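Following: one structure in structure tokens, then a few remarks.
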Amino acid sequence: MKLLAIETTCDETAAAIINDDLEVLSTVVASQEALHERFKGVVPEIAARAHLERIIPVLEETVSRAGCSLQDIDAVAVANTPGLAGSLLVGLCSAKALCLGLNKPLVAVNHLHAHIYACRIAEGRDVFPCVGMIVSGGHSSLYDCSSPSEFEYLGGTIDDAAGEAFDKVASMLGLSYPGGPSVSKAALNGDPTSYSYPRPFLKDSDRLDFSFSGLKTAVRYSLFGVGNPVDPASLSEEQVANVAASFQQAVVDCLISKACLAIEKTSHSRLCVGGGVAANRVLRDQLQTAAEERGFELCIAPMSLCTDNA
């Protein structure tokens with residue numbers, strides 16, 4: 001069996017073909033980073049129009065790389081929630097059109113379920129039940145995952161997602177978009193103890209929630225004071241590195257603390273992590289240390305499957 005998968009939930013136009021052994025026969029991702037860079041974030045209208053321009057070339061390239069034709073496809077899967085409305089519409093309409101033209105079944109996929117299922121693909125074995133943690137530009141959430149499609153919400157961000165916070169702090173520091181990679185790179189030369197940034201809910205031993213809005217504000221005030229304009233040009237390289245490292249560590253501390261708490265509350269022995277922020281090397285390394293110390297199994301999606309893909 002060959003499944004054609006389509007992903008257009010945000011700003012990546014992606015397609016892939018997978019067989020029934022979960023072998024990825026081909027995968028193509030068309031990034032929109034260059035389109036959104038000057039805005040330091042994703043502009044929904046621009047994203048939707050870019051998907052419209054790229055979806056057919058991406059599909060054609062995906063089929064070509066797999067060495068098959070559309071007639072060889074047995075079903076079409078598409079991410080239909082959650083995401084930007086205009087972006088989702090492009091992928092969903094494309095998938096429906098293919099299914100009508102080829103007389104093939106349509107499979108709707110929850111984008112968040114897919115981030116955790118990336119761990120299943122990478123491991124090559126069943127990883128459910130588990131605690132699933134999704135950390136990305138739009139989501140910072142914890143789930144009790146009894147199966148690939150049965151998720152019970154445990155908690156998540158009450159304001160901004162971790163990835164969005166990385167983007168905003170990168171903008172304050174004058175770093176490039178997307179913020180996750182640029183902040184992590186700057187943090188390599190910094191001291192994570194230089195600034196004492198807040199860790200919201202860290203001391204609340206019963207709450208599985210995150211909050212990163214106040215952390216962003218704390219970063220701004222530590223750099224420019226209250227009421228002053230943001231001026232990245234006024235910062236030294238040492239300041240940028242130290243702020244990046246301190247901010248990154250604050251985010252990582254919050255994520256790891258609540259992930260470990262979720263493991264305790266559910267009594268699961270496995271944590272599966274997916275989403276763009278899961279590519280952060282400090283988070284990956286410190287999660288592994290926490291897993292070894294607390295005795296649970298850690299499954300993190302490989303770098304290639306952390307960011308949005310089909």
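The values are calculated or read from the model by the stated rules, or taken from the named source; none is laboratory data. Model, not experiment: these values are computed from the prediction. Please note: Cβ atoms are built from the backbone with ideal geometry, for glycine as well, and neighbour counts cover all protein chains shown. Note: accessible area is taken over every heavy atom of the protein model, side chains too, but ligands, DNA and RNA are not part of it. Shrake-Rupley method; radii C 1.70, N 1.55, O 1.52, S 1.80 Å.
Taking the Cα-to-Cβ direction at Thr193 and at Ile158 and moving 7 Å from each Cα, how far apart do the two end points lie in nm?
Each label point lies 7 Å from its Cα, and together they span 3.1 nm.
Accessible area of Ser211, 1.4 Å probe, to the nearest 10 Å²?
20 Å²
Step through the table entries Lys40/Lys216; Lys40/Lys203; Lys168/Lys265, compare each Cα-Cα distance with 21 Å, and write down the pairs that go over it. Write out the running numbers ahead of the final one.
Working: Lys40/Lys216 15 Å; Lys40/Lys203 32 Å; Lys168/Lys265 32 Å.
In this structure, Lys40/Lys203; Lys168/Lys265 exceed 21 Å between Cα atoms.
Would you list, by chain and number, the lysines whose Cα falls below 20 Å from the Cα of Lys96, excluding same-chain residues fewer than 8 positions away?
The reachable lysines, counting only those whose Cα sits under 20 Å from Lys96, are Lys2, Lys104.
With the other protein chains left in place, how much accessible area per residue, in square angstrom, belongs to the chain at a 1.4 angstrom probe?
Values: 13860 Å² over 310 residues.
Per-residue value: 45 Å².
Evaluate the relative contact order of segment 246-307 (contact order divided by residue number), counting alpha-carbon pairs under 8 angstrom at least 6 apart; express in whole percent.
Details: 55 pairs, mean separation 24.4, N = 62.
This gives 39 percent for segment 246-307.
Could you give the distance between the Cα centres of segment 37-114 and segment 153-175, to the whole Å?
Using only Cα atoms to place each centre, the spacing works out to 26 Å.
Helix by helix through the chain, keep the DSSP H runs that span 18 Å or more along the axis on Cα and average at least -0.5 on Kyte-Doolittle, and give those back in order.
Values: long enough: 44-66 (31 Å, 0.06); 85-102 (25 Å, 1.71); 111-123 (19 Å, 0.14); 237-266 (44 Å, 0.46); 281-294 (20 Å, -1.16).
Both cut-offs are met by 44-66, 85-102, 111-123, 237-266.
Can you pull the accessible area of Thr81 for me, 1.4 Å probe, Å² to the nearest 10?
Using a 1.4 Å probe on the heavy atoms, I get roughly 60 Å².
Based on the Cβ-Cβ distance of Cys68 and Ala34, what FRET efficiency does E = 1/(1 + (r/R0)^6) give at R0 = 25 Å, to the nearest 0.05?
Efficiency for this residue pair is about 0.25.
Counting Lys and Arg as +1 and Asp and Glu as -1, each charge on the Cβ, what is the dipole of the chain about the Cα centre in debye, to the nearest 20?
Once rounded to the nearest 20, the dipole reads 300 debye.
Assign unit charges at the C-beta atoms only (+1 for Lys and Arg, -1 for Asp and Glu), then state the dipole size of segment 103-218 relative to its Cα centre in Debye, rounded to the nearest 20.
Numbers: 9 positive and 13 negative charges, 70 e Å.
Rounded to the nearest 20 debye, it is 340 debye.
Which of Leu175, Tyr143, Pro200 sits farthest toward the positive end of the charge dipole of segment 135-290, with +1 on the Cβ of Lys and Arg and -1 on the Cβ of Asp and Glu?
Leu175
If I compute solvent accessible area with a 1.4 Å probe over the protein chains, what percent of it on the chain is carbon and sulfur? Numbers along the way, then the final one.
On the way: 7050 of 13860 Å².
For the chain, the apolar C and S fraction of the accessible surface comes to 51 percent.
Have a look at His115, Leu271, Val42 and report the one farthest towards the positive end of the charge dipole of the chain, computed about the Cα centre with Cβ charges (Lys/Arg +1, Asp/Glu -1).
In the chain, that residue is Val42.
Would you mind working out the magnitude of the charge dipole of segment 150-292 relative to its Cα centre, with +1 at each Lys and Arg C-beta and -1 at each Asp and Glu C-beta, to the nearest 20 Debye?
80 debye
So for the pair Asp204, Ser149, with labels modelled 7 Å out along Cα→Cβ, what separation do we get in nm?
3.4 nm
Just grab the label-to-label distance for Ser213 and Val43, each label 7 Å out from Cα along the Cβ direction, in nm (one decimal).
2.5 nm
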